[in-house]
DNA sequence: GCGACAG
DNA sequence: ATCTTGTCGC
């Protein structure tokens, strides 16, 4: 299903991790290269035992009605600290474990955090896209890097997130009257297409349904969300 | 040297 | 990320 995913890359010093990001940068594709998207997956991680254990959740939804059709959970000992810019080295190992368990791979991944809106263009969404080969989008609740002007108030409106002359993402108002989201291409997708797919996953909340399900399952209230998921079966 | 800094 | 219930406001 998925390519061989070595996990040895995870045990790196921050210095080596940065070097790895630099070397992977050339492989990132931000042109549309994705199938007709019928299924989308939300990907997120949470922590247990005072942070000693990392838990990952993946929830696959039908894009048509945003109904969950599959999900997986995984747990691993936490072995990399949180360092801004190196989030993927902390969360990828367990997320890949969860993705490996999926019966059917989704057409597109929506990951918590940034895609190319990253100092070295290698946010967690991009890294996961490269490792799995799947198209991916970064959905951040706050800004890591980049500058932007005022964000229009209307639902679906956005302003570019820039790093100098380069557009690295969009600051998107998913609903009027809420804080905007930071959307950026992960891998194999363009910014306009990424924005369209994120908005397609919005119902009545600020966060896309993919993120809501994955956040819920990865959080400490995961049991309640599990009940709801099982109830849908 | 002084801030900023996804989850 | 996480510690955590009710509550103020549109």
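For the stretch A:151-164, which positions are loosely packed, with under 11 Cβ neighbours inside 10 Å and at pLDDT 95 or above? Listed by number, the list holds a single entry, A:164.
Of all the residues in the stretch A:56-98, those that are touching a residue at least 40 places away in the same chain (Cβ under 8 Å), within 16 Å of DNA strand C (Cβ to nearest atom), in a strand (DSSP E or B) and surrounded by fewer than 23 Cβ atoms within 10 Å (Cβ to Cβ) number 1.
Residues in the stretch A:21-33 that are buried (at least 18 other Cβ atoms within 10 Å of the Cβ) and either within 17 Å of residue A:83 (Cα to Cα) or more than 16 Å from DNA strand B (Cβ to nearest atom) (or both): A:21 only.
Within the stretch A:106-127, the set of residues being within 16 Å of DNA strand C (Cβ to nearest atom) and either without any contact (Cβ under 8 Å) to a residue 40 or more places away in the chain or more than 14 Å from residue A:182 (Cα to Cα) (or both) comprises A:113, A:124. Within the stretch A:24-41, the presence of a residue that is under 18 Å from the mean Cα position of the chain (by Cα), within 16 Å of DNA strand C (Cβ to nearest atom), in a strand (DSSP E or B) and closer than 17 Å to residue A:130 by Cα is excluded. Every condition in (1) modelled with pLDDT of 95 or more; (2) within 15 Å of DNA strand B (Cβ to nearest atom); (3) under 30 Å from residue A:70 (Cβ atoms) is met by residue A:196 except one, and the failing one is (2).
Of the residues that sit in the stretch A:100-123 and are out of contact with any strand residue (DSSP E or B) (no Cβ under 6 Å at 6 or more places or on another chain) and within 16 Å of DNA strand B (Cβ to nearest atom), which one is nearest to residue A:170 (Cα to Cα)? Across the stretch A:100-123, the extreme among qualifying residues is A:118.
Any idea which residue in the stretch A:216-233 is modelled with the highest pLDDT, counting only those that are surrounded by fewer than 23 Cβ atoms within 10 Å (Cβ to Cβ) and in contact with a helix residue (DSSP H, G or I) (Cβ under 9 Å, 6 or more places away or on another chain)? So, considering only residues that are surrounded by fewer than 23 Cβ atoms within 10 Å (Cβ to Cβ) and in contact with a helix residue (DSSP H, G or I) (Cβ under 9 Å, 6 or more places away or on another chain), the one modelled with the highest pLDDT is A:216. Scanning the stretch A:45-55 for residues that are surrounded by 13 or more Cβ atoms within 10 Å (Cβ to Cβ) and over 19 Å from the mean Cα position of the chain (by Cα) returns A:48, A:53.
The values are calculated or read from the model by the stated rules, or taken from the named source; none is laboratory data. The shown structure was predicted, so the numbers you read here are calculated from the model rather than taken from an experiment. Cβ: placed from backbone, ideal geometry, glycine included. Neighbour counts: every protein chain shown.
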